[in-house]
Amino acid sequence: MLLTIILPVAALAHSATAACDLALLQNISSAYLATATTGKNALPLADPITYTENLKPATISTGMLTKAIKLSHNRTLHDTTQCATYTELIAPDNTPPYVIGTQIRVNADGKVDKIETLTTTTGDWLFNAKNTLSYSLKENRAPIPEAERLTRDVIKAAGDAYLDLFNNKSVSVPWGSDCERLEGGQHVSPCNVGVPSGVALVNRSKTYLQYFINLPCV
């Protein structure tokens, strides 16, 4: 069984945001999916709004949100503490194929005030949308029984340990016994194999890293 943990999302950063209601975030993620599949915006957008694609300022009216994508699979994390969502879109049968990760931030008025999208396609590092889909469908994302759930701090500490390992191989990471990694479309098992070295991920609150912690899995 393929088990995964959502760790920091590279290249997506934002300052702290007040907590909000889960139902609001679920409505936002549903609106994003409707937008992604039709190419017509259904999101309640704030004015002004920050919108980027692959770390560069972009225009909503001419960007990825205007493309109707043929999706094969999607999954969303709802982080009520940060009032944010993270959605992965997998579209191997689209022309061109895509694997997309999008962070959406919601303000106190329930409006989307920041959208950051990372889009990968043919020719990008380890890109293989069909492999990504295959392994993603094997992941066990069933809700964890309440009595077995870890705290937000414990989950974040595991993510910190993983990132620390990139530059310090003595760091102990709490790998699961059946942990597997998926990088692009490449499957890696066990998780401690092939982790980059000599990469110092420092000043994480100011760099392009952002945690999304889904408590519980919803």
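The values are calculated or read from the model by the stated rules, or taken from the named source; none is laboratory data. Model, not experiment: these values are computed from the prediction. Glycine also receives a Cβ, built like all others from the backbone with ideal geometry; neighbour counts cover every protein chain displayed.
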Exercise. Being assigned to a helix (DSSP H, G or I) and at pLDDT 90 or above is the filter; apply it to segment 132-147 and report the residue that is farthest from His73 (Cα to Cα).
Key: Ala147
Quiz prompt | Residue list for segment 160-194, filter: out of contact with any strand residue (DSSP E or B) (no Cβ under 9 Å at 6 or more places or on another chain), closer than 30 Å to Pro97 by Cα and not aromatic (Phe, Trp, Tyr) | solution = Glu183, Gln186
Quiz item: Does Thr85 satisfy being hydroxyl-bearing (Ser, Thr, Tyr), surrounded by 16 or more Cβ atoms within 10 Å (Cβ to Cβ) and in a strand (DSSP E or B)?
Solution: yes
Quiz item: at pLDDT 95 or above, closer than 14 Å to Ile115 by Cα and among the hydrophobic types (A, V, I, L, M, F, W, C): does that describe Ala68?
Solution: no
Quiz item: If only one of Thr87, Thr122, Thr95 is under 15 Å from the mean Cα position of the chain (by Cα) and at pLDDT 95 or above, which one is it?
Solution: Thr87
Self-check item: segment 22-51 - residue that is touching a Gly at 6+ places or on another chain (Cβ under 9 Å) and either assigned to a loop (DSSP other than H, G, I, E, B) or among the polar types (S, T, N, Q) (or both) and, of those, surrounded by the most Cβ atoms within 10 Å (Cβ to Cβ)
Solution: Asn27
